[in-house]
Amino acid sequence: MKMKYSDRESEPGVFPNFWRKRVPAVFAMTSLIFIKQCLSCMDLFVLRHGKAGQSSEEPDDRKRALTADGKDEMRKIGKWMRQKKFDFEVIATSPLARAYESADIVARSLAKKDRLAVWEELAPVGDLDTICYRAAQFGEDAAILLTGHEPQLSTLISRIISGNDNVSLILAKGGLAKIRNYSFNKRASGDLQWLLTPKQMMEME
């Protein structure tokens, strides 16, 4: 989901209305610069799977599926994404059942079932650098969604936004983070724009 900086006064580099009226030439030039910057960068979205059954109910961790509440919550998240006009080049998911089901619900909600892809690296013990490299292959103006597990996802976000694994953050089940300006040049980098819980998403409707 791409955002044009000129659509929102709160974004850096965009003049408030007071200056728009007084320096139209400068405003126009600055807007064009920031629109160009925004349209030439990748948006990386990171989604944690929804609520799943307990390990006592399913000893095989790979097969633990979403609960009824988990499925319902993911449907609401998928609906919220559709309302906000999210559009992903790929909806990548861990092969584990609870993550795959979460990604599948989102893909169906967005009518993008054909863009659902299983990435083995998104499993709990997957290699983070491989995830980062694969994500970067979709082009500078792409938007992609990664669906997986904690604590792997918070570590992934930390590595991208800081260059190390020490940033203290966590995704709630069904939580979604947006990293903009994502790139991979020797190492992954990007800016964390927001991190939302399912409740916060619903409050934004």
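Which translational diffusion coefficient, to the nearest whole µm²/s, is obtained for segment 82-193 from the Stokes-Einstein equation, given a Kirkwood hydrodynamic radius over C-alpha pairs, 25 °C and 0.890 mPa s?
Estimated via Stokes-Einstein, D reaches 173 µm²/s.
By how many nm would the segment from T155 to S55 lengthen if fully extended, with 0.36 nm per residue of separation less the alpha-carbon distance?
Values: separation 100, 0.36 × 100 = 36.00 nm, distance 2.30 nm.
Taking T155 through S55 to full extension adds about 33.7 nm, to one decimal.
State to the nearest 20 debye the size of the charge dipole of segment 42-203 about its Cα centre, where the only charges are +1 on K and R beta carbons and -1 on D and E beta carbons.
500 debye
DSSP loop (so not H, G, I, E, B), at most 13 other Cβ within 10 Å: list which trypsin sites (Lys or Arg not before Pro) in segment 79-165 pass both filters.
Passing both the DSSP loop test and the Cβ count: K84, K85.
Quote the FRET efficiency, to the nearest 0.05, computed for D72 versus E140 with a Förster distance R0 of 30 Å and r equal to the Cβ-Cβ distance.
0.25
Give the order of H149, H49 when sorted by the count of other beta carbons within 10 angstrom, beginning with the fewest.
H149, H49
Where a number appears in this text, it was derived from the coordinates with a stated rule and is not lab data. Worth saying up front: this structure is predicted, and the values here are computed from it rather than measured. Cβ atoms come from the backbone with ideal geometry, glycine included; neighbour counts cover every protein chain shown.
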